[in-house]
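Have a look at the structure below before the remarks.
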Amino acid sequence: MEATPSSTLSLPKPIDISSDQLRFLNHHFPAQEDVLHKAPPLLAALRSQYSDLNSHLQALQTALTQRTVSWIRLSSSAKTALHNLHISLQNLSLLTSQCGSALKKLQRVLCTELPQLAREVLRIETIRSYLETTLQLEARVGDLEDAVFCFVNFRGGKMFSGMLSNSSDAGTKHEKLLQAIKALNDLEVLVDVMKLRPQWHHLLTSVDGRVDKTLAILRPQVFADHRSLLASLGWPPKLSTSQIESEKISGLPNPLVLMQGEKRKSYSNSFLALCALQHLQTRREKRQLNLLGQEVCMIQLWAIDELVSPIASRLEYHFSKWIDQPELIFALAHKTTRGFIAGVDDVLQPLIDKARLVNCSAKEAWVLAMVQLLSEFLAKRIFTDLAERYKDKQMKSEVIELWLHLVDLIVLFDKQMQSLVSSDITLFLTESERVESLSGSISALMVFCKRPDWLKIWGKIEFKNACRKFKTDLKSERAWLVDEKHQDALQLDTEFEQFLLSTREDYRAPLIAESALRIAWEMVEKCQTMPSTLARIQFVRSTAVRFLWYFFKVLLLRCKETEIYPDNLDDDALVRLSGSVNAAKYVESKLRQWSDDVNLLEMKVAENDTSDREKDDSTEISFFREEIKSLSELATNWLLEIISVLLRQFETLSWEYVQKVKHYDQQLEGLTPVEVSAAMDITISVDFVEPLDVLRSHLMLLRMRLNPKDFLDLWRSVSEGLDHFVSYSGIGCGIQPFDNRIKHFETDMQALFSVFQPFCVRPEAFFPRTIETIKLLKMNKGRR
């Protein structure tokens, strides 16, 4: 029996039907029998009515769009009409210039109404532009979201992997990825234009928020597909213990080199897509940080990081077994990097060039990724433990030794890594430029940039080690000696003195000065590969600069311990002071030379930019400015001390001579012939012989021991002081115009001049006051 409709339909309960629905049913179905006859026509009528309403809604949407476009066009027409109105008003002003009321009306129109109208037109134009930009952004964000949705949900498979049914499916999914990348690029192009409208930053923020959410879905899927592709290619090759110990890593088959045909094409497409996505991501980040316009070298590539990531787990397994033998860890990292670098360069560099990534190198990106791998392991497994053990005083000495050993291994490893990429990347650079270009990125010392507390510990360890080595050098018998070969070659009658000083021998500085500079420069060089400039500044300040102040204190203490008195001036004391002055001058000159280094100049500029101290008005930019200033002051102060002692000693020894010359009743029995030079025999006062002889011996000793520049300043200052002494001591006042002692006084002064004869041709030129006194005495005698 055929089932009736009433038996197959499930009707709702009466309590679930609303009052409107009940009225509708009662109106169309007054009786129960009407349901079978009136229901089908009613259903057809309702469907027709729904279709009509839907068509009407679409017509309303179309009309709204047309009216929006028409409204935009009207704004342009309004602009034209306003221009015509402006012309008409100008004509009107000519016609009504004689009418006062018309003129006032025109002024009101020109001064009030027209500016208001112009502002309103500008507001309408801004709204129109804002609406157009919003519609364009909405369309492009929608295109990006649609492309990403299609890519992520494409059959749930992995791009380029064997999970897709065939190569056409992989190609189709790759095309959808390219569509997403193109949509993102188009969006960024439009966003760049919006930089001219900073007041629309809320719109830009909204767009960036939607794009970030979309990329958060896209990137993990792209990375997952790329990793799946690498696994299908057999990357990474297996590293067995026997291969590592036998150094056969370079002989392992490289899947990147061996891939052919569709596999090579698939990997190339995936690599290029990753590069394009990274390029756009970097561009967005720079825009958001207002860094557009700055050239930033994008060394670290996502695609190469994906090559290193699966190797990391296998290397860390071997690293963990060699915690107590860190040299093996560095050796394995170097071998692995070197073993695959040729294949990486041959296969990936053409792809990077095809992707048009400027200033990017496959070699450099590969080496950087491997260095980061090692740096992260050192931070996680070695330096963390050493930093904790350093706090234990009983373990501190052992930790210091291990820490210094690790740093030496890192510095050597950095040089090896840089040598792998320096051959072709920096082929046309000088040595200093090559070091500068590579030191800013490739270094395992980056572990200290992320941990300032470890950097501080390293600085303390290096400083203590430097002081220990310096104290050992100080104990050597030759510490304060100067090479004798230059002193033996020096003749008293030298006609030419070398004043262009550069080496330690030129400055006649002791060996300990060279030792101090060597220790300080070693600490400066150790941190030059550290990526962070501020970290390098902190390290150099806490080690090399601090050590230079320690050396300065040693010099100052040595000078203070040297006792020099006018009544007992020892030659050994002069030798000690000369060595300290020479050491200070030599170190000062080397610090000035170091300050011209590009890296130190960069550090000084960065330090000035970040320093809270008051800006110095001086034009000198030197990283070691304070140290240079202190060393210069030390040398100058003790040179002045030597000059002062020489002058006071001469004054003390010549006191009796001055007293005899000043008194008129002094007899001439105090005069005796004394040979002053081989060229002539003159008669000088006996009381004047000792001060001249002592002065000559001290000056000759200082000429042998002091560097030429400072000795030049010294003897000239001594001559100037003696000239003042002779002029203002009253010697000339005790000689009368009719006195025969004028000739004896002139003879004594000629003997004084002869003391300085080995240092210049005309020593009397440095005694202008004394010469003037002799001339005046002769003139007065001639008048008598």
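The values are calculated or read from the model by the stated rules, or taken from the named source; none is laboratory data. Nothing here was measured: the structure is a model prediction, and the numbers come from that model. Virtual Cβ from ideal backbone geometry, glycine too; neighbours counted across all protein chains shown. Just so you know, the surface numbers come from the protein's heavy atoms only, side chains and all, with ligands and any DNA or RNA stripped out. Shrake-Rupley method; radii C 1.70, N 1.55, O 1.52, S 1.80 Å.
List of remarks:
- Looking across the stretch 358-371, just one residue is on the phi < 0 side of the Ramachandran plot and surrounded by fewer than 19 Cβ atoms within 10 Å (Cβ to Cβ), and that is V358.
- Complete set of residues in the stretch 688-709 that are open to solvent by 10 Å² or more (accessible area, probe 1.4 Å) and under 15 Å from S754 (Cβ atoms): V689, L692, D693, V694, R696, S697, M700
- Note on the stretch 412-501: enclosed helices (runs of 4 or more DSSP H) holding 2 or more residues that are more than 24 Å from the chain's Cα centre (by Cα) and modelled with pLDDT of 95 or more are 452-474.
- Subset of the stretch 528-541 (residues that are in a helix (DSSP H, G or I) and either outside the structural domain of C467 (by the TED database) or open to solvent by less than 40 Å² (accessible area, probe 1.4 Å) (or both)): T533, A535, R536, I537, F539, V540
- Test for W521: is it open to solvent by 20 Å² or more (accessible area, probe 1.4 Å), modelled with pLDDT of 95 or more and either not basic (K, R) or not in a helix (DSSP H, G or I) (or both): yes
- In the stretch 765-781, residue modelled with the highest pLDDT [restricted to those that are open to solvent by 70 Å² or more (accessible area, probe 1.4 Å) and more than 11 Å from D723 (Cα to Cα)]: K775
- Restricted to the stretch 206-304, the set of helices (runs of 4 or more DSSP H) holding at least 2 residues that are outside the structural domain of D353 (by the TED database) and modelled with pLDDT under 85 comprises 241-245, 261-288.
- Some residue of the stretch 509-517 being within 30 Å of P691 (Cβ to Cβ), surrounded by fewer than 23 Cβ atoms within 10 Å (Cβ to Cβ) and in contact (Cβ under 8 Å) with a residue 12 or more places away in the chain: no
- Residue in the stretch 610-623 that is of a type in the set (D, E, K, R) and either surrounded by 14 or more Cβ atoms within 10 Å (Cβ to Cβ) or closer than 30 Å to V694 by Cβ (or both) present: no
- Checking each residue in the stretch 571-604 for being open to solvent by 70 Å² or more (accessible area, probe 1.4 Å) and without any contact (Cβ under 8 Å) to a residue 24 or more places away in the chain picks out D572, Q593, D596.
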